[in-house]
1. Quick one: net charge around ASP88, please, counting Lys, Arg +1 and Asp, Glu -1 for every other residue with C-beta under 9 Å from its C-beta.
2. So if I take the centroid of the Cα atoms in segment 107-139 and the same for segment 1-51, what is the distance between those two points in Å?
3. What number, rounded to the nearest 500 deg cm²/dmol, is the helix-based mean residue ellipticity at 222 nm of the chain, given -39500 (n - 2.57) per DSSP H run of at least four residues and division by all its residues?
4. Measure off 7 Å from each Cα along the Cα-to-Cβ vector at SER40 and VAL19, then give the distance between these two points in nanometres to one decimal.
5. Given 4 °C and 1.567 mPa s, how large is the Stokes-Einstein diffusion coefficient of segment 1-94 in µm²/s, with Rh as the Kirkwood radius over Cα pairs?
6. Using Cα pairs closer than 8 Å and at least 6 residues apart in sequence, work out the relative contact order for segment 32-71, in percent.
7. Could you compute the net charge surrounding CYS28? Neighbours are other residues with a C-beta less than 14 Å from the C-beta of CYS28; K and R count +1, D and E count -1.
8. Please list the equivalent ellipsoid semi-axes of segment 81-150, computed as the square roots of five times the alpha-carbon gyration tensor eigenvalues, in descending order and whole angstrom.
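Read-outs: derived from the displayed coordinates by stated rules, not from any lab. In this text the structure is predicted, and so the values were computed from the model without any measurement. We place every Cβ from the backbone using ideal geometry, glycine too, and count neighbours over all the protein chains shown.
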Amino acid sequence: MIRPKTPCEIARDTAMKIVMPGVYVPTCDNDGQYTHEQCSGSTGYCWCVNTSGQKIPGTETPPGTPRINCTTQNGMIRPKTPCEIARDTAMKIVMPGVYVPTCDNDGQYTHEQCSGSTGYCWCVNSSGQKIPGTDSPPGTPIINCTTQSK
C-alpha cells in the first residue's frame, strides 16, 4: 500500500519543479518527515526546523561556520549563544583585522581569545569580556587563561 505524500514531500516535489537558481528544496527523511537540519544549496546557510518544517529562530548558520546541533538528548534545540552570535556577526564583516571570537562546543567563549591579524592573545571571562592585564603579544608565552578566568 502506498502512503499519501507528507507535507515535506509535497513541498520538496513542488520546489523541484521550479526551474530557477536559488530555490530552496526541503530535505525529508525516509518517513517523509522534515529532517531536523535544512540547508540551502545555493547560499550554503543551514538552520534547524520543527516537525512542521518551520525555521527555528536563532539556529541559522552561515556557510563556513560550524553547524548547530539540531537534535539534543531531550529533544530541545538550543538557540545561539552570545559567543556564537558575535562570531557569526564578525565572520560576515569582510574587512582585514576583524576579531572573530572563539567559542567552545557548547557555544561559550573559550577562556583564551586571539586576534588572527595581530597575533595578540588575551583571557576573557564567561561573558567574553577581556580580563585586564592578560594581553600576550605575538611570540610571548601565553598566560594560563583557565586560572585567570575564575
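1. Values: positive: LYS80, ARG87, LYS92; negative: GLU60, GLU84.
Net local charge, ASP88 excluded: +1.
2. 41
3. On the way: 3 runs with 25 residues, N = 150.
Value at 222 nm, helices only: -4500 deg cm²/dmol.
4. 2.3
5. Details: Rh = 14.6 Å.
Taking Rh from Cα pairs, D becomes 89 µm²/s.
6. Numbers: 59 pairs, mean separation 14.2, N = 40.
Result for segment 32-71 is 35 percent.
7. Numbers: positive: ARG3, LYS5, ARG12; negative: GLU9, ASP13, ASP29, ASP31, GLU37.
Counting the neighbours of CYS28, the net charge comes to -2.
8. Numbers: eigenvalues 75, 54, 13 Å².
In descending order the semi-axes read 19, 16, 8 Å.
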